[in-house]
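Before any comments, here is the structure.
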Amino acid sequence: MTTFINILILGGIWGALYTLIAVGFTLIFGVAGIINLSHGAFYMLGAYLAYTFITLLGMNVPTGALIAVLGTAMIGMLIDRYAIRYMRETHVYVLIITLAFALFFQELMYAFYGPHGKAVESFIAGDMTILNVHVSYQKILTFFVSGTLVTLLWLFIKKTKTGKAIDAVAQNREAAVFMGIQPEKIYMITMGISAALAAIAGVLIAPILEAVPTMWAFPLFKAFAVVIIGGLGSITGAIIAGLLLGYAETSVSVLISANYPDLVYLFAIILVLVLRPRGLMGKRSH
């Protein structure tokens, strides 16, 4: 029973985090049609900026976290405006430039913070016991914040004027232009949202896992797995796939070995690409 509860709780926590990371990745793909390889770097920047503002500068958690997220969102928007905008249709260029930014930010973290991990104090100290399973309040906070933000993103897209404009550009760019929507403005806003979501994930994970310069690769691989399984461009698919991946990896880690969880998402990617290339919720191409 304890094992089942452990899987249920930890799987939900990691699944929610994977979903938060992946929805931003799939959002920018669905709207702008680009694969942003610097997405993981936004996650890393969120973690390091949280360390800088909260641990080094001694800011309170809400203020430090907010500045870290807004700063990362601004960086994402600047990258879209000045590095991607004029070559957006050239997909190879976008892949190369976004990967270059990811590596640039990695080396920047090495230069400023060194190669060793930087720990951030838990935003909420302590833990609780659920049927003999100990869970830190930081992980519980991560679960609830991730779930809440994914829900708010869905409501934002469906219910607000800006969200509907984003949805319109994603569905039909030309028709959106005729409706008076400026696609480039929408692309930049979407990149900002995407970067902010990744940064929030980094801020939340910093007290659980230390911030290290190479940490950008982890969310990028997970985001790839989630969007491939869920379907490229599908937020609903990303939510379902994120939870499935979180529970699958946790089950393997608890029941078999902690050395094998990464095999789960690699196997899942291969299986989905062979059996259902468009993913669980992806649309059939015409």
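Close amide H partners of Gly233, meaning residues 5 or more places away or on another chain with modelled amide H under 5 Å apart, are Gly30. Within the full protein context, the accessible area of Ile200 is estimated at about 30 Å² for a probe radius of 1.4 Å. For the chain, compute the number of Lys pairs whose alpha carbons are separated by less than 23 Å, excluding pairs fewer than 8 positions apart on the same chain. Taking the chain as the scope, the lysine pair count is 11. Scanning residues 5 or more positions from Asp127 or on other chains, those with amide H under 5 Å from its amide H are Tyr137, with H placed 1.01 Å from N in the peptide plane. Reported to the nearest whole Å, the Cα centre-to-centre distance from the stretch 225-286 to the stretch 15-45 is 15. Here the stretch 26-101 exposes an accessible surface that is 75 percent carbon and sulfur, computed with a 1.4 Å probe and the other protein chains kept in place. Across the stretch 179-252, the relative contact order, built from alpha-carbon pairs under 8 Å that are at least six residues apart, equals 14 percent.
Rounded to the nearest 500, the helix-only mean residue ellipticity at 222 nm of the chain stands at -23500 deg cm²/dmol, with each DSSP H run of n ≥ 4 adding -39,500 (n - 2.57). Across the stretch 116-216, the mean sequence separation of Cα contacts (distance under 8 Å, 6 or more residues apart), normalised by length, yields a relative contact order of 37 percent.
The accessible surface of the stretch 140-278, taken with every protein chain in place and a 1.4 Å probe, is 69 percent carbon and sulfur.
Using the Cβ-Cβ distance between Thr162 and Leu66 with R0 set to 22 Å, the FRET efficiency from 1/(1 + (r/R0)^6) comes to roughly 0.65.
For the chain, the membrane-span-like helices by this rule, meaning whole DSSP H stretches whose C-alpha atoms cover at least 20 Å of axis and whose Kyte-Doolittle mean is 1.0 or above, are 2-32, 61-79, 91-113, 137-159, 183-205, 235-255, 261-275; this says nothing about an actual membrane.
On a per residue basis, the chain carries 48 Å² of accessible surface, using protein heavy atoms and a 1.4 Å probe.
Rounded to the nearest angstrom and listed largest first, the equivalent-ellipsoid semi-axes of the stretch 1-152 from its Cα gyration tensor are 31, 21, 14.
Working out 0.36 nm times the residue gap between Lys185 and Met74, then minus their Cα-Cα distance, what length gain in nm do you get to one decimal?
This chain segment gains 38.6 nm when fully extended.
The values are calculated or read from the model by the stated rules, or taken from the named source; none is laboratory data. Model, not experiment: these values are computed from the prediction. FYI the Cβ positions are ideal-geometry reconstructions off the backbone, even for glycines, and counts take in every protein chain you see. Surface accessibility is based on the protein's heavy atoms, side chains included, excluding ligands, DNA and RNA. Shrake-Rupley method; radii C 1.70, N 1.55, O 1.52, S 1.80 Å.
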